[in-house]
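Peer 1: Mind looking over this structure? Questions follow.
The values are calculated or read from the model by the stated rules, or taken from the named source; none is laboratory data. All values reported here derive from a predicted model rather than from experimental measurement. Cβ: placed from backbone, ideal geometry, glycine included. Neighbour counts: every protein chain shown.
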Amino acid sequence: MNMKMLREAQQLQAKMMKIQEELGNETVEATAGGGAVKVVITGHLKLRSVEISPEVVDPDDVEMLQDLVLAAVNEAIEKAQQLASQRLGALTGGIKIPGLT
């Protein structure tokens, strides 16, 4: 590997690390049940908040609330993964690098 390629690889690695760091500060939001449950998650897939409208809290139907929370969390995870894929894909030119996207 010549020095130019090594330097380019190091620059690419530095840019990827910066994007990964920025993803930790970015959030995505997802809702379920027409907004009855709202979830906010970071680009690192860390759950920031869960908001539940009081109207959907029914002690006789806990299963529905659980389903709404599950749906919102799964949607938020998918959105965060898409965000990471977009950011890293722009850097890698769309090449899928295992463990990064």
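Peer 1: Of the residues Glu55, Glu51, Glu63, which single one is farther than 30 Å from Lys15 by Cα and in a strand (DSSP E or B)?
Peer 2: Glu51
Peer 1: Then there's this: If you take the residues of the stretch 30-48 that are of a type in the set (Lys, Arg) and assigned to a strand (DSSP E or B), which of them is farthest from Val73 (Cα to Cα)?
Peer 2: Here the answer is Arg48.
Peer 1: Pick out the one residue from Thr27, Thr92 that is modelled with pLDDT under 95 and either touching a strand residue (DSSP E or B) at 6+ places or on another chain (Cβ under 9 Å) or of a type in the set (Asp, Glu) (or both).
Peer 2: None of the other options fit; the residue is Thr27.
Peer 1: Something else now. Any residue at all in the stretch 10-18 that's more than 30 Å from Leu91 (Cβ to Cβ) and out of contact with any Lys or Arg (no Cβ under 6 Å at 6 or more places or on another chain)?
Peer 2: Within the stretch 10-18, not a single residue is more than 30 Å from Leu91 (Cβ to Cβ) and out of contact with any Lys or Arg (no Cβ under 6 Å at 6 or more places or on another chain).
Peer 1: While we're looking at this one, here's another question. Surrounded by fewer than 16 Cβ atoms within 10 Å (Cβ to Cβ), without any contact (Cβ under 8 Å) to a residue 12 or more places away in the chain and among the hydroxyl-bearing types (Ser, Thr, Tyr): does that describe Ser53?
Peer 2: Here the answer is no, as Ser53 does not meet what is asked.
Peer 1: While we're here: Report, ordered by the first and then the second residue, all pairs with beta carbons closer than 7 Å, sequence separation of six or more or different chains, a first member in the stretch 1-29 that is outside any helix (DSSP H, G or I), and a second member that is surrounded by 12 or more Cβ atoms within 10 Å (Cβ to Cβ) and basic (Lys, Arg).
Peer 2: Short answer, once both residue conditions are applied: Thr27/Arg48; Val28/Lys79; Glu29/Lys38.
Peer 1: Also, I was wondering about something else. Which residue pairs have Cβ atoms under 9 Å apart, sit 6 or more places apart or on different chains, and have a first residue in the stretch 74-87 that is more than 11 Å from Glu26 (Cα to Cα) and in contact (Cβ under 8 Å) with a residue 60 or more places away in the chain and a second that is polar (S, T, N, Q) and assigned to a helix (DSSP H, G or I)?
Peer 2: Note: pairs meeting the criteria are Arg87/Gln20.
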